[in-house]
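Below is one structure, written out as structure tokens; comments come after it.
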């Protein structure tokens, strides 16, 4: 709770400030949660000489109540985890009502007036819909119709699950706006909640960035960082600590992206890829290739920007595609690493006057991988990516293996207020998925990329070409057309087989290496 102090002057005067989004009796006021009662409010003000705000959702990044405007310049530049943009107040905050300083004899009457106004406006909204947290009734509602990619059930709002005999019920303590549980290898969606709801993704969007850019540069390639490489990094972004005029390997940069969610590392790799604008275009194109049609990319690092959205379904597609790449798997399963620091001159010893490169340790911010106070690492976890910004709340996609089963779970914006809620809800859904596997009827599927298929036919690699060539062969006297048709068919089958093979990831090996 962040109280707003009522200051005293030498003349024992008081300045009272209250903020109200809607006038009393406005139509929008009928949907909000009540403010504290008049009696409780007035008692606290008189006894403590403070104005207390009601229990409300916090702007979690700036750690202050979402509907109180910040008056401290420092608060606007405070570092946010995961690249979130500091905001001054809840979206749509109305103009503050300010009372001038008055003699102390009028203080009680003034407080009484302000408290009465607040009490009468108890139905006025106290929370912003686009901010994390808040009570359940204050959360925005999903659209009545959403994308049906992967199946009609996934386009319906609410929870979708078909429990079979012996299947456990879903966990009750789930507060996320959207989540999805899927079999990473078969692509079956075991259960989902608002799977295609377009929400701010935060740094989980870095999975798409990595899946798009990672194949373009060998990990041994070196790059000397210019100041222009890091232009446009959002205020308060999460950083790994890249320094200009220092040289880094591509391997170093990806460790910075995956472990520390470093927006500076993302911008340097984007500069190597032709710039942020080009990288955004590449990411959008790749999202469309993956059939992740809920996603609109505005920044490559997931920093809050207007119009940047994704969905639990799309984030799962990004993770599934990325995990087919060996380097992607290894980076997202790495718990700790050493990162290059700055080059300094040696001041003592036999190497005095020479230069050497310092290094420092970094740890993965995925708390299901590394653990944290009150949170144990999840058994079998092997990635993938977490995120946290003001608009997105906390987001996470995780992959885990148990008894030969590989599950992907994506959770977006829990509102329970529970410590480590995004990880705990992910762990509950993973536990449920492993217990329910084979006992539930899938409610949808993770679609393959446009250029890949599990077999020959429509959408298969070379599928349409093989049919065209085979058709042409029947009209030609030469055997060349038949040979081409057979070759194309074989290539299509091989491509389909390779796609199936590549879906089998060596996750147990990664887990053993991490634990060793």
Item checked: Residue identified as part of a strand (DSSP E or B), modelled with pLDDT under 95 and touching a helix residue (DSSP H, G or I) at 6+ places or on another chain (Cβ under 7 Å) among 400, 382, 456, 460 -> 382
Next item on the list: Please give the number of the condition residue 226 fails out of (1) under 30 Å from residue 270 (Cα atoms); (2) surrounded by fewer than 21 Cβ atoms within 10 Å (Cβ to Cβ); (3) in contact with a strand residue (DSSP E or B) (Cβ under 7 Å, 6 or more places away or on another chain).
Entry: (3)
Next item on the list: Go through (1) under 18 Å from the mean Cα position of the chain (by Cα); (2) in a loop (DSSP other than H, G, I, E, B) and name the single condition residue 427 misses.
Entry: (2)
Next item on the list: Determine which single condition residue 235 fails, assuming it passes every other condition in (1) modelled with pLDDT of 95 or more; (2) surrounded by fewer than 22 Cβ atoms within 10 Å (Cβ to Cβ).
Entry: (1)
Check: With 342, 347, 352 as the choices, which residue is assigned by TED's automatic domain parsing to the domain that holds residue 419 and closer than 25 Å to residue 218 by Cα?
Finding: 342
Next item on the list: Among what's in region 162-189 and is over 21 Å from the mean Cα position of the chain (by Cα) and within 27 Å of residue 419 (Cα to Cα), pick the residue that is surrounded by the fewest Cβ atoms within 10 Å (Cβ to Cβ).
Entry: 172
Next item on the list: Scan region 288-320 for residues that are assigned to a helix (DSSP H, G or I) and surrounded by fewer than 24 Cβ atoms within 10 Å (Cβ to Cβ) and report the count.
Entry: 2
Notebook entry, point to check: What is the residue count in region 390-406 for residues that are surrounded by fewer than 21 Cβ atoms within 10 Å (Cβ to Cβ), touching a residue at least 12 places away in the same chain (Cβ under 8 Å) and at positive phi?
Noted result: 1
Notebook entry, point to check: Which ones in region 211-237 are in a helix (DSSP H, G or I), touching a residue at least 24 places away in the same chain (Cβ under 8 Å) and over 25 Å from the mean Cα position of the chain (by Cα)?
Noted result: 228
Next item on the list: Go through region 358-389 residue by residue and tally those that are touching a residue at least 60 places away in the same chain (Cβ under 8 Å), surrounded by fewer than 24 Cβ atoms within 10 Å (Cβ to Cβ) and more than 27 Å from residue 438 (Cα to Cα).
Entry: 4
Item checked: Meets criteria (in the same structural domain as residue 205 (by TED's automatic domain parsing), in a loop (DSSP other than H, G, I, E, B) and either touching a helix residue (DSSP H, G or I) at 6+ places or on another chain (Cβ under 9 Å) or surrounded by fewer than 21 Cβ atoms within 10 Å (Cβ to Cβ) (or both)) for residue 419 -> yes
Next item on the list: For residue 361, state whether it is under 25 Å from residue 246 (Cβ atoms) and at pLDDT 90 or above.
Entry: yes
Next item on the list: Within region 116-151, work out how many residues are over 19 Å from residue 391 (Cβ atoms), at pLDDT 95 or above and touching a strand residue (DSSP E or B) at 6+ places or on another chain (Cβ under 8 Å).
Entry: 2
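The values are calculated or read from the model by the stated rules, or taken from the named source; none is laboratory data. Fair warning: this is a prediction, and the values are worked out from it, not measured in the lab. Cβ sites come from the backbone with ideal geometry, for glycine too, and all protein chains shown count toward neighbours.
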